[in-house]
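Engineer: One structure, pasted below without further comment.
The values are calculated or read from the model by the stated rules, or taken from the named source; none is laboratory data. The model shown is predicted, which means the values in this text are computed figures rather than measured ones. No Cβ is skipped: glycine too gets one built from the backbone with ideal geometry, and neighbour counts run over all protein chains shown. Accessible surface is based on the protein model in full, side chains and every heavy atom, while ligands, DNA and RNA are left aside. Shrake-Rupley method; radii C 1.70, N 1.55, O 1.52, S 1.80 Å.
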Amino acid sequence: MPDNDSLKKIFLAELNIAASVAELQQLRVKYLGKKGALTAQLKSLSTLPAEERRSFGKTVNDLKEFIETEISARASVLGNADLRKRLASEAIDVTLPGKYTPCGSEHPINKVLKEITDVFITMGFGVEEGPQVELDYYNFEALNMPKNHPARDMQDTFYITDDVMLRTHTSPVQIRVMEQKKPPLRFIAPGKVYRCDADVSHTPMFHQVEGLMVDTDISFSDLKGVLETFIHRIFGPDTPVRFRPSFFPFTEPSAEVDIGCVFCKRRGCPVCKSTGWLEILGAGMVNPHVFEMVGYDPEAYTGFAFGMGVERITMLKYSIDDIRLFYENDIRFLRQF
Ligand code: DAH
């Protein structure tokens, strides 16, 4: 068995080369563990003559204490070094510039559609939807446009079969809702519509907002009040509004509604063709024949309807002169809204 002095020397040599906290732990077990070198020394105590035991025991205990202190001191040094190494390797440079994630914005058509919808919601209108692939019956027939009616030619229809088409307007939603619900009714129906047409003011797909109000005593002045309120909210309270007689098969009487030209303030310009007025929507009192088609008694009920193009309103609101800009997805255009 090595004596205490050599044990101490060997220990110090081993301590010197221990390179990690884990290796120190192994050293501790080797010297101080149950089967460790010092434990063996202590056990040998009983084999010594009684007069030597005391001093031998003290030497072993001193050595034990020495080893413990040395290992702890070394452990804290190596522990700090380990920590510094980890911190260095896992360091994050919070001053580096971040990765640029481009952020989208709302499409101008959706933005204006939302504004229009909000205005009508504040006037107590609900919001209804209908299918974009529509039956002839709802798109034309029930709106008082029977087969071969000349008014059908006003809209260049994308047919799927003789009887099925992409809806050319949102007016069919009027019929679908009236078939399902009894008056009083007050709703708008926003959505996509399709016509085979393309130039600076037409795209094959565009958006409309239909409106319908039906009750026992709805009059033309209700229509005027609602539409004037709407126009003043969207274009500003000083915008002049004009109702001009017109024709739609599903309303009688019918009107087209104009606003004072937003470009020249009614002085006359190329956009308003020197008239000072711009047409923004169609409207009228629901044709009694339409009520008959949905099973409403035309003697009991009256109502008004209107329909507007969202692209057109957006173009006037933001002075955009080409409708195709909305669908070319040019980021520089879209960013402006
Ligand atoms: N549906 C018509 C169109 O697309 C717009 C319209 C006009 C709707 C008059 C109406 C209305 O409800 O009363 O041209």
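Engineer: State which residue pairs qualify: first residue within 17 Å of residue 210 (Cα to Cα) and assigned by TED's automatic domain parsing to the domain that holds residue 174 and inside region 296-308, second residue within 10 Å of the ligand (Cβ to nearest atom) and hydroxyl-bearing (Ser, Thr, Tyr) in any location, beta carbons under 7 Å apart, and separation of 6 or more residues or different chains.
Structural biologist: As it stands, the answer is 305/251; 307/170; 307/171, since those pairs meet every condition given.
Engineer: Same structure again: Just checking, how many residues over region 167-189 are within 14 Å of residue 136 (Cα to Cα), without any contact (Cβ under 8 Å) to a residue 40 or more places away in the chain and charged (D, E, K, R)?
Structural biologist: 1
Engineer: From the list 273, 317, exactly one residue is surrounded by 14 or more Cβ atoms within 10 Å (Cβ to Cβ) and away from the ligand (no atom under 11 Å from the Cβ). Which is it? Walk me through it before giving the result.
Structural biologist: Details: 273 fails: surrounded by 14 or more Cβ atoms within 10 Å (Cβ to Cβ).
From the options 273, 317, the qualifying one is 317.
Engineer: Is it true that residue 148 is among the polar types (S, T, N, Q) and touching a Pro at 6+ places or on another chain (Cβ under 8 Å)? I'd like the intermediate steps shown before the answer.
Structural biologist: On the way: among the polar types (S, T, N, Q): yes; touching a Pro at 6+ places or on another chain (Cβ under 8 Å): no.
The answer is no for residue 148.
Engineer: I've got another one for you. Has region 166-178 got at least one residue that is more than 14 Å from the ligand (Cβ to nearest atom) and either closer than 21 Å to residue 306 by Cβ or surrounded by 14 or more Cβ atoms within 10 Å (Cβ to Cβ) (or both)?
Structural biologist: The answer is no; no qualifying residue exists.
Engineer: Can I ask one more? Against the conditions (1) open to solvent by 60 Å² or more (accessible area, probe 1.4 Å); (2) within 60 Å of the chain's Cα centre (by Cα), where does residue 35 fall short? Just the number, please.
Structural biologist: Only one criterion is unmet by residue 35, namely (2).
Matching residues to (1) in contact with a helix residue (DSSP H, G or I) (Cβ under 9 Å, 6 or more places away or on another chain); (2) among the small types (Gly, Ala, Ser); (3) not in a helix (DSSP H, G or I):
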{"residue": "109", "(1), (2), (3)": "yes, no, no"}
{"residue": "131", "(1), (2), (3)": "yes, no, yes"}
{"residue": "134", "(1), (2), (3)": "yes, no, yes"}
{"residue": "142", "(1), (2), (3)": "yes, yes, no"}
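Engineer: Next question, about the same structure. Which of the residues spanning region 1-32 are in a helix (DSSP H, G or I), under 60 Å from the mean Cα position of the chain (by Cα) and closer than 17 Å to residue 68 by Cβ?
Structural biologist: Filtering region 1-32 for residues in a helix (DSSP H, G or I) gives 4-17, 21-32.
Remaining after also requiring under 60 Å from the mean Cα position of the chain (by Cα): 21-26.
Scanning region 1-32 gives 21, 23, 24, 25, 26.
Engineer: Same structure, new question: Within region 178-222, take every residue that is in a loop (DSSP other than H, G, I, E, B) and among the hydroxyl-bearing types (Ser, Thr, Tyr) and give me the one that is farthest from residue 155 (Cα to Cα).
Structural biologist: From region 178-222, those in a loop (DSSP other than H, G, I, E, B) are 181-184, 195-198, 200-201, 203-204, 216-219; that's our starting set.
Checking the rest, the ones that are also among the hydroxyl-bearing types (Ser, Thr, Tyr) come to 201, 203, 216, 219.
Details: 201: 15, 203: 13, 216: 32, 219: 28 Å.
Among residues in region 178-222 that are in a loop (DSSP other than H, G, I, E, B) and among the hydroxyl-bearing types (Ser, Thr, Tyr), the one farthest from residue 155 (Cα to Cα) is 216.
Engineer: Residues 256, 311: which one is modelled with pLDDT of 95 or more, in the same structural domain as residue 115 (by TED's automatic domain parsing) and open to solvent by less than 10 Å² (accessible area, probe 1.4 Å)?
Structural biologist: Values: 256 fails: open to solvent by less than 10 Å² (accessible area, probe 1.4 Å).
Testing whether each residue is modelled with pLDDT of 95 or more, in the same structural domain as residue 115 (by TED's automatic domain parsing) and open to solvent by less than 10 Å² (accessible area, probe 1.4 Å) leaves just 311.
Here is a yes/no grid of residues against (1) surrounded by fewer than 10 Cβ atoms within 10 Å (Cβ to Cβ); (2) under 54 Å from the mean Cα position of the chain (by Cα); (3) modelled with pLDDT under 90:
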| position | (1), (2), (3) |
| --- | --- |
| 53 | no, no, yes |
| 67 | no, no, no |
| 81 | no, yes, yes |
| 87 | yes, yes, no |
| 90 | yes, yes, no |
| 98 | yes, yes, yes |
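Engineer: Continuing with this model, one more query. Can you say whether residue 115 is outside any helix (DSSP H, G or I), closer than 30 Å to residue 309 by Cα and open to solvent by 50 Å² or more (accessible area, probe 1.4 Å), as far as the supplied structure shows?
Structural biologist: When the stated conditions are applied, residue 115 does not pass them.
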